[in-house]
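*Asks:* There's a structure below that I have some questions on.
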There are 2 protein chains.
Amino acid sequence: MTMAAASFVTHLEGAIDGAVLPARTLQTTHEGRPILVRYDLDGVKTALARSDLHDRPPTMWRYRELLPVEDESHIVTLGETMTPLLPCPRLGGRLGVERLFVKDESRLPTGSFKSRGMAMAVSMAHELGIKRVAAPTAGNAGGALAAYAARASMDCFIFMPDSTPMINRYEAALHGAKAFLVNGLITDCGRIVREGTEKMGWFDMSTLKEPYRIEGKKTMGLELAEQMNWRLPHAILYPTGGGTGLIGMWKAFTELAELGWLDEARRPRMYACQSTTCPPMVNAFEAGDRFAVAPENPHTAAAGLCVPSAVGDFLILDAVRESGGKAMAADEHRLEDWMRLACELEGIALCPESAFCVGVLERAVAEGEIRPDETVVIFNTAAAQKYAEVIEADLPRLDHAGGIDWAALA
Amino acid sequence: MTMAAASFVTHLEGAIDGAVLPARTLQTTHEGRPILVRYDLDGVKTALARSDLHDRPPTMWRYRELLPVEDESHIVTLGETMTPLLPCPRLGGRLGVERLFVKDESRLPTGSFKSRGMAMAVSMAHELGIKRVAAPTAGNAGGALAAYAARASMDCFIFMPDSTPMINRYEAALHGAKAFLVNGLITDCGRIVREGTEKMGWFDMSTLKEPYRIEGKKTMGLELAEQMNWRLPHAILYPTGGGTGLIGMWKAFTELAELGWLDEARRPRMYACQSTTCPPMVNAFEAGDRFAVAPENPHTAAAGLCVPSAVGDFLILDAVRESGGKAMAADEHRLEDWMRLACELEGIALCPESAFCVGVLERAVAEGEIRPDETVVIFNTAAAQKYAEVIEADLPRLDHAGGIDWAALA
């Protein structure tokens, strides 16, 4: 098994206007908006049959013909193994759907789906000669970037609002990144990174500010299709902050359809799930708008959903609408109920972001938006164990010397 | 692909005296010491060729003929995918070995290798009709047991010393276990569980107090052998608290040798790695003893290594000696240096327990115990992100409104 020493990338494309941009050269954004990677899918079809995947290692790199890396020796990897798709009959039963699955992305390096995007973005940065990367983050992206940058011997600069969860702050520093707390919002951190690209020679790894994190996240969709034997689910519920994963999955499904690899033409309805206290996509969806407006006083205990302004808003909203899905919010105040429900019924520790998908599913079933006989997939995007502030619990104390009150334990 | 509706288990065996005990019935310990599972390896050899594994899903259950579950419908799973074996050329170079690998067990459910053992123990408890489980823990075992018990709809009781790391306390409660903090040591917690087996009808899931956690941990060795193409490394460095993993791996290698699956007769030298501040195995190894004595004032920041009395001490020491390895300690005070070294050079966040393996490797190379041209594997047994107290970092703060001092950032 040898990897082709060339990719099937034909060009890059400005997502806002379809402008054709050259591949194999550094790109950031186009007209301030994301850039997409385009492939010679006819070439891929000739080079690769679906069944060829069977003999490849179970990592995201098995889809290499649909990925942008030119030379496999440039891949920067921490072992991005395929994540399990876990049947959840009890949680599904409670919520009113017969076939519910959780795709457990917490099982990637650094305990987060961010590693798919960063593995790809850092690999491409490495291929294109980048030595210093920087990003703003309020959650798991910083640890993931720091880990891959360390793996690639790059300098890494991370800027976080001082409200960032403690484990995210610690993991960025642990991996040797130059990590800073900023007395502001993620937008303030983003501004520092932008200024640093000129002043410090950093390459900006912000969400959707370079073309390749989408391609990494795309592998969530490719994996899901393969794991479901090329019959996609009826509905996907995805916690949506910056939305790279949702955009990436929709791109994956489109490419798979063009390749003729899907055994059913139907693609899933995509549900962008947010919190009631930070619902920019929900507001825009309901207003019929293609671009979102930052909500007033955005906040949520799910750090990854606290994204008031997403540079890829129109891509998220286009995908949701094209799929026949919706952007829906669930009640911030019930977050812990939903985490507990999944944990207690299935043993699966959903991260706070993904817990909102449980709330949205509950509502969608009640409203007839999702039917009981449909197959539904929730993405668990990170390990709940990384959210110390959310899962904090004051446990009852026992005095072992004082004798145990057994009746009280039962 | 269907699973045989019967296992190849022939009997259980008291590890201390070889007593033959019946399988398919509840067993705990024998003479207060661990019980091992024995298989009809000739039967396995007839039923399964090494090459048959290729077509099976990449989870620990691919080795089912060498595992004790009788009926596959009894398997309680959260998706125990094979963990990556990561080449670490830079860390190896720094430590003086050419071929160093980290097997990253942090990628299992709940972010810990404990899930291999608990997946198996809970599956067997489920098969044998158990409904209520309990365990003492000072680390990752509690969260893993709570998760699998929830997945199997069992009641779960967890008792932890009040010094247990915060994330471990939280995750047990999050999964719906009845979790308690005890003002004492893990031995005090163990005593409560033992009393509860009679008074409360709990099944005791303590380390090595039932026969099956070893069989789960055994899959670390089976996977490693398959991933290394049936040529085992020269040396394995394993952080050793209760030692179930070391015992399990050595059992795996013995079974693989009997099956004739190893392409080189050589089995690895096993290095049991401990902290200088809690080194019972090291003390016993150096004294030439088969049983260990609890050290005075045992403590270490690596919660999983704070096991002063291991019920499987003789099994650990037997395996280490039979393999030609050693029990070695590394300096408690350099723990953070070693974590940082692996993180910064390779992007791999070793848990504190596994960081001691880095220290031991450094010493072993310096002393000529491990040669530069040998293949060496370190097991990373959990996600460093779960150790908030150890990875805590006070990050520098930036005032974004005050203007950035760019020179100071560089």
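*Asks:* A:Val193: net charge of surrounding residues, Cβ under 13 Å, Lys/Arg +1, Asp/Glu -1, itself excluded?
*Replies:* Surrounding charge for A:Val193 is +1.
*Asks:* Which of A:Ala383, A:Ala257, A:Ala134 moves the most in a Gaussian network model of chain A with Cα springs under 10 Å?
*Replies:* Of A:Ala383, A:Ala257, A:Ala134, the Gaussian network model singles out A:Ala257 as fluctuating most.
*Asks:* On a straight-distance basis, which aspartates and glutamates could pair with B:Lys131 in a cross-link, Cα separation under 12 angstrom, same-chain partners fewer than 8 positions away excluded?
*Replies:* Straight-line reach from B:Lys131, under 12 Å: B:Asp155, B:Asp204.
*Asks:* Shortest first, in nm, what separates the label point of B:His333 from those of the same position in the other copies (7 Å along Cα→Cβ)?
*Replies:* Relative to the other copies, B:His333 has label-point distances of 5.4 nm.
*Asks:* What helices in chain B pass both tests, a Cα length along the helix axis of 18 Å or more and a mean Kyte hydropathy of 0.0 or higher, using whole DSSP H runs?
*Replies:* Taking the DSSP H segments of chain B (at least 18 Å long, mean hydropathy at least 0.0), we get B:244-259, B:352-366.
*Asks:* Let me ask something else. Give me A:Val20, A:Val9 ranked fewest to most by other Cβ atoms within 10 Å of their Cβ, as a rough exposure proxy.
*Replies:* If I rank by nearby Cβ atoms, fewest first, I get A:Val20, A:Val9.
*Asks:* Related question: Given that compact globular proteins tend to follow 2.2 N^0.38 Å, what is the ratio of the alpha-carbon Rg of chain B to that value?
*Replies:* In units of the 2.2 N^0.38 Å rule of thumb, it is 0.97.
*Asks:* Gap in Å between the Cα centre of the stretch B:195-234 and the Cα centre of the stretch A:32-90?
*Replies:* So the two Cα centres are separated by 34 Å.
*Asks:* Further question on the same structure: Taking just the alpha carbons, could you work out the radius of gyration and Dmax for the stretch A:1-108, both in angstroms?
*Replies:* So, for the stretch A:1-108, Rg and Dmax equal 18.2, 51 Å respectively.
*Asks:* Along the axis that rotates chain B into chain A, which residue of chain B has the nearest beta-carbon, and what is the gap in whole Å?
*Replies:* B:Pro58, 2
*Asks:* Taking H as built 1.01 Å from N, whose amide H comes closer than 5 Å to the amide H of A:Leu398, not counting residues under 5 places away?
*Replies:* It is B:Leu181, B:Val182, B:Asn183, by chain and number.
*Asks:* Taking the Cα atoms of the stretch B:252-406, report the difference between the largest and smallest coordinate on each principal axis, in whole Å and largest first.
*Replies:* Taking max minus min along each principal axis of the Cα atoms, the stretch B:252-406 gives 69, 41, 29 Å.
*Asks:* Pairs A:Lys103/A:Lys178; A:Lys178/A:Lys209; B:Lys199/B:Lys251; A:Lys218/B:Lys218: which exceed 27 Å Cα-Cα?
*Replies:* Beyond 27 Å between Cα atoms: A:Lys103/A:Lys178; B:Lys199/B:Lys251; A:Lys218/B:Lys218.
*Asks:* Taking the Cα centre of the stretch B:331-374 as the origin, how large is its charge dipole in debye, to the nearest 20, when only Lys and Arg (+1) and Asp and Glu (-1) carry charge on their Cβ atoms?
*Replies:* Using only the charged Cβ atoms, the result is roughly 40 debye.
*Asks:* State the Kirkwood hydrodynamic radius of the protein assembly as shown in Å, one decimal place, computed from all pairs of distinct Cα atoms.
*Replies:* Its Kirkwood hydrodynamic radius stands at 27.0 Å.
*Asks:* Quick check on the stretch A:162-231: what are the equivalent-ellipsoid semi-axes from the Cα gyration tensor, as sqrt(5λ), descending, whole Å?
*Replies:* 31, 17, 11
*Asks:* Non-local amide H neighbours of B:Lys326 (under 5 Å, H modeled in plane, Pro and chain starts lacking H): which ones?
*Replies:* Answer set, sorted by chain and number: B:Met270, B:Tyr271, B:Ala272.
*Asks:* A follow-up question, please. Using a Debye calculation, one point per C-alpha and no hydration shell, please list log10 I(q)/I(0) for the stretch A:115-155 at q = 0.14, 0.21, 0.25, 0.35 Å⁻¹ in order.
*Replies:* For the stretch A:115-155, the Cα-only Debye profile gives -0.25, -0.56, -0.78, -1.36.
*Asks:* If you wrap a convex hull around the C-alpha atoms of the stretch B:30-174 and split its volume per residue, what is the figure in Å³?
*Replies:* Hull volume normalised by residue count: 185 Å³.
*Asks:* What percent does the relative contact order of the stretch A:160-317 come to when contacts are Cα pairs within less than 8 Å and at least six residues apart?
*Replies:* Across the stretch A:160-317, relative contact order equals 19 percent.
*Asks:* Then there is this: Of all beta bridges DSSP finds with both residues in chain B, what is the antiparallel percent, to the nearest 5?
*Replies:* Within chain B, antiparallel bridges account for around 30 percent of the total.
*Asks:* Calculate the mean, over all residues of peptide B:387-399, of how many other protein chain Cβ atoms lie within 10 angstrom of the residue's Cβ.
*Replies:* Mean partner-chain Cβ count within 10 Å for B:387-399: 6.
*Asks:* Based on the mean of other Cβ atoms within 10 Å per residue, sort peptides A:301-309, B:258-266 so the most packed one is first.
*Replies:* A:301-309, B:258-266
*Asks:* Let me ask another. Relative contact order for the stretch A:12-140: what percent, with Cα pairs under 8 Å and sequence separation of 6 or more?
*Replies:* Averaging sequence separation for qualifying contacts and normalising by length gives 19 percent for the stretch A:12-140.
*Asks:* Per residue of the stretch B:400-409, what does 6.51 cos²θ - 1.76 cosθ + 1.60 with θ = phi - 60° give for ³J(HN,Hα)? Whole Hz please, x for Gly and Pro, Karplus curve as stated.
*Replies:* In residue order, the calculated couplings are 5, 6, x, x, 9, 8, 4, 4, 6, 6 Hz.
*Asks:* With +1 on each Lys and Arg Cβ and -1 on each Asp and Glu Cβ, and nothing else charged, work out how big the dipole of the stretch A:149-203 is about its Cα centre, in Debye to the nearest 20.
*Replies:* 80
*Asks:* Most mobile of A:Gly248, A:Gly359, A:Gly324 per a Gaussian network model of chain A (Cα springs, under 10 Å)?
*Replies:* Comparing A:Gly248, A:Gly359, A:Gly324 in the GNM, the peak value goes to A:Gly324.
*Asks:* Of the residues A:Ala287, A:Ala147, A:Ala252, which exhibits the maximal mean-square fluctuation in a Gaussian network model of chain A defined by a 10 Å Cα contact cut-off?
*Replies:* Result for chain A, Cα springs under 10 Å: A:Ala287 fluctuates most.
*Asks:* Could I ask something else about it? Just going by the charge dipole of the protein assembly as shown, with Lys and Arg at +1 and Asp and Glu at -1 on Cβ, which of B:Ala410, B:Gly241, A:Tyr238 is farthest out on the positive end?
*Replies:* A:Tyr238
*Asks:* What percent does the relative contact order of the stretch B:73-171 come to when contacts are Cα pairs within less than 8 Å and at least six residues apart?
*Replies:* Normalised by residue count, the contact order of the stretch B:73-171 is 26 percent.
*Asks:* OK, next. Can you divide the C-alpha Rg of the stretch A:196-316 by 2.2 N^0.38 Å and report the result to two decimal places?
*Replies:* 1.18
*Asks:* Still on this structure, please answer the following. Using Cβ contacts closer than 10 Å as the measure, can you line up A:Tyr387, B:Tyr170 from fewest to most?
*Replies:* Lowest count first: B:Tyr170, A:Tyr387.
*Asks:* Using a label point 7 Å beyond Cα on the Cα-Cβ vector, give me the inter-copy distances for A:Thr10 in nanometres, one decimal, shortest first.
*Replies:* 6.4
*Asks:* If the label for A:Gly201 sits 7 angstrom from Cα along the Cα-to-Cβ line, what are its distances to the same label in every other copy, in nm to one decimal, shortest first?
*Replies:* Sorted ascending, the copy-to-copy spacings read 7.1 nm.
Bear in mind these aren't lab numbers, they're just calculated from the coordinates by the rules spelled out. Bear in mind that the values here come from a model prediction, so they are computed numbers and not experimental data. With ideal geometry, Cβ positions are generated from the backbone for all residues, glycine too; neighbour counts draw on all protein chains shown.
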